[in-house]
Amino acid sequence: MVRRTKEDALATRHKLLDAAEHLFQAQGVSRTSLQDIARRAGATRGAVYWHFKDKADLFNAMMERVTLPLEKTFQDQLGQEGQKGQAGHTDPLVRIRNGVGEALLRIASDPQTRRVFEVATHKVEYVGELQAVRLRHLKSRSDFLEQVERGFQAASRHHALELPVSTAAAAQGLHAIIDGLIQSWLLESADFDLVSLGGDVVEVYLRGLGFPGTGRGATAPPRSQP
């Protein structure tokens, strides 16, 4: 009975998050009430407050359903210095390329990931109670920058290369490129192929830092992967 109760509670939580995703995308975060979300999920307003303390808490939980797997994928690719990443590469530069490629592929090919990124990019204002959302966004960015900076440090040592800028600045530049590509693609995905163009642009950037090229864009996993 206890197990069933937990399963029911988890199912309700996911229904609420699913409802929030679709409503936030359709009408924006500020114009969507918790009552709207409860009604869409077939639940009560009390059920919303049972699982989430406020709209910001619900929003961050919605984000974490898709961003945590992405963050873990990137962490697995980078691995620990001197060790092989998940894909078996000891070259940190290859792991950076693969991590970026897998993230772009996930956004481009997974409807839920795309929907949540669209909401986070174009359908939310960081005002009032949603200041907590801004703080979560800043933490995610900070974590990404820290991982990439360590990756660049390891890659520069691996290739015996002195970068023309600090590794912190190199990480900031890569983040700006990726973030800009994703935002532009979400505005109109028909304009370009996120994975293909993204890989090419990242490759040009890495070569500009002095790293050896691959003769192709950033390495991405096979299209059959989710």
Diffing segment 161-171: the Karplus 3J(HN,Hα) column from phi (6.51, -1.76, 1.60, θ = phi - 60°), in whole Hz with x for Gly and Pro, holds 10, 9, 5, x, 9, 5, 5, 5, 5, 4, 5
So, with points 7 Å from each Cα along the Cβ direction, the D191-T121 label distance in nm works out to 1.0 nm
Report relative contact order for the chain in percent, whole number only (criteria: Cα-Cα under 8 Å, sequence separation at least 6). 21 percent
With each label point set 7 Å from Cα along the Cα-Cβ vector, what nm distance links A168 and D36? 4.1 nm
Ordering of 107-113, 117-123 by burial proxy (mean other Cβ atoms within 10 Å per residue, highest first): 117-123, 107-113
Mind putting a number on the dipole of segment 1-62 about its Cα centre? Charges go on the C-beta only, +1 for Lys and Arg and -1 for Asp and Glu, and I need it in Debye to the nearest 20. 160 debye
Quantify, in whole percent, the carbon and sulfur part of the accessible surface of the chain (1.4 Å probe; protein heavy atoms only). 51 percent
Roll a 1.4 Å probe over the protein chains and send me the accessible area per residue for the chain in Å². 53 Å²
About the Cα centre of segment 120-194, what is the dipole size in debye to 20, counting +1 per Lys and Arg Cβ and -1 per Asp and Glu Cβ, all else neutral? 300 debye
Using Cα atoms only, what is the angle between the long axis of helix 111-122 and the major principal axis of the chain, expressed in degrees (0 to 90) to the nearest 10? 90 degrees
Return one number: the angle in degrees, 0 to 90 and rounded to the nearest 10, between the long axis of the Cα atoms of helix 194-208 and the longest principal axis of the Cα atoms of the chain. 40 degrees
In units of 2.2 N^0.38 Å, the Cα radius of gyration of the chain is 1.13
Can you show me the helix-derived [θ] at 222 nm for the chain, built from DSSP H runs with n ≥ 4 at -39,500 (n - 2.57) apiece and divided by the number of residues, rounded to the nearest 500. -23500 deg cm²/dmol
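The values are calculated or read from the model by the stated rules, or taken from the named source; none is laboratory data. Everything numeric in this text was worked out from a predicted model, so none of it was measured. As a convention, Cβ positions derive from the backbone with ideal geometry for all residues, glycine included, and neighbour counts pool all protein chains shown. The accessibility values were calculated without ligands, DNA or RNA, using every heavy atom of the protein model including side chains. Shrake-Rupley method; radii C 1.70, N 1.55, O 1.52, S 1.80 Å.
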